[in-house]
């Protein structure tokens, strides 16, 4: 007898389908003119690491022999190779809005799946939480805007969710390592989540464990899962090796990623001159993440105009504060928070800022971990209460204007 999906699974597929339509609808008329990953995938298929044309004036590395290199990490292009082999790079570029819509909707589906493993039982609690993730974070903005910068974010988010789903599932260390390595080859800051994946593999950090933080800390050294950690490292190592090999093939230097060589507009180049990573950039990034607000504009609805530099997460995604309702006596919330914070550190030190953006898109690297804590809070508290649903709704309203401004700033 064929297996039939249960009610929750069927609802999840329905939400994914609805999300895909929404994402495609808001993105279909926007063309970023930067489908670099599709052309890089085609280059890989033909044994090259460079493009034979310049895809744009900025965020490109001009080689000494007329090649053009993509500075961004290569895994998205690797993942897109089967599609490009079928459609060709030009067609893939032309349907980028649809491709990104499917990727974005898939992050919603992965979130729905993760909530089930975390133990969120009620349909409407899951609906509110996936709405928080899919439509009150920069997922909506980056899907609308498209382009090489944003496709990478979507793929990195999928890989992070896959790691978390496996940690709440069979906990196969080698698979978590492969996924984490691929995430690193997509968004480099996600390498800093790997130590926390290792800690989550400790027996007393398992989702079914009743250990509290003090017991977990006391017993951590005594119960180190050396075998799992070796398998985790074995899973990560191929991506590290590929990172060095890719750099060597492009620049004859395994340590040169290309970010310091990319062409930039003069004003941004002046910021990079202070250091690719520098404490000098921290105040700017903290402002864009926590403090930056839109300006009042009485001439155009909705009368609050973003400047494209950033916007406080407390305005765009206040629902993440629901994480405070998790059971902080247990180790898992602390480990997830540690991953979120450590992944954010290189971003705060980075010169880039993330422009153009509605919110602070670099925070997307950390959001899956904090959002998972929200899932733990829902499971611990028996759901998402109406006051917290109202908080989530505020973020949904604010982010509902993201597509409007995506075409206007």
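Considering 395, 354, which residue is more than 14 Å from residue 133 (Cα to Cα) and crowded, with 21+ Cβ neighbours inside 10 Å? Exactly one residue qualifies, and that residue is 354.
Yes or no: the range 138-152 includes at least one residue that is in contact (Cβ under 8 Å) with a residue 40 or more places away in the chain, assigned to a loop (DSSP other than H, G, I, E, B) and over 12 Å from the mean Cα position of the chain (by Cα).
As a first pass, look at the range 138-152 and keep what is in contact (Cβ under 8 Å) with a residue 40 or more places away in the chain: 138-152.
Going one step further and asking which of them are assigned to a loop (DSSP other than H, G, I, E, B), we end up with 138, 146-147.
Those still in the list that are over 12 Å from the mean Cα position of the chain (by Cα) too: 146-147.
Among the residues of the range 138-152, at least one is in contact (Cβ under 8 Å) with a residue 40 or more places away in the chain, assigned to a loop (DSSP other than H, G, I, E, B) and over 12 Å from the mean Cα position of the chain (by Cα), which makes the answer yes.
Of the residues making up the range 30-51, those that are surrounded by fewer than 24 Cβ atoms within 10 Å (Cβ to Cβ) and not in a helix (DSSP H, G or I) are 30, 31, 32, 33, 34, 46, 47, 48, 49, 50, 51. If you go through the range 186-240 and keep only what is touching a helix residue (DSSP H, G or I) at 6+ places or on another chain (Cβ under 6 Å), part of a helix (DSSP H, G or I), more than 20 Å from residue 341 (Cβ to Cβ) and free of Cβ contacts under 8 Å to residues at least 24 places away in the same chain, you end up with just 219. Cβ separations smaller than 7 Å between residues 6+ apart or across chains give the following pairs from the range 99-121 residues that are at pLDDT 95 or above to residues that are crowded, with 23+ Cβ neighbours inside 10 Å and not in a helix (DSSP H, G or I): 100/146. Residues in the range 378-387 that are surrounded by fewer than 24 Cβ atoms within 10 Å (Cβ to Cβ), touching a helix residue (DSSP H, G or I) at 6+ places or on another chain (Cβ under 9 Å) and assigned to a helix (DSSP H, G or I): 379, 380, 381. Filtered by the rule that a residue be assigned to a helix (DSSP H, G or I) and free of Cβ contacts under 8 Å to residues at least 40 places away in the same chain, the range 160-178 gives 163, 166.
Residues in the range 64-123 that are over 21 Å from the mean Cα position of the chain (by Cα), surrounded by 23 or more Cβ atoms within 10 Å (Cβ to Cβ) and assigned to a loop (DSSP other than H, G, I, E, B): 1 in all. Residue selection: residue 175 fails the criterion of being buried (at least 23 other Cβ atoms within 10 Å of the Cβ), within 25 Å of residue 108 (Cβ to Cβ) and touching a helix residue (DSSP H, G or I) at 6+ places or on another chain (Cβ under 6 Å).
Exactly one residue among 401, 363 is under 15 Å from the mean Cα position of the chain (by Cα) and at pLDDT 95 or above, and that residue is 363. Of the helices (runs of 4 or more DSSP H) lying entirely inside the range 247-322, those containing at least 3 residues that are buried (at least 16 other Cβ atoms within 10 Å of the Cβ) span 266-272, 313-316.
The values are calculated or read from the model by the stated rules, or taken from the named source; none is laboratory data. Quick caveat, the model's predicted, so the values are computed rather than measured. Cβ atoms come from the backbone with ideal geometry, glycine included; neighbour counts cover every protein chain shown.
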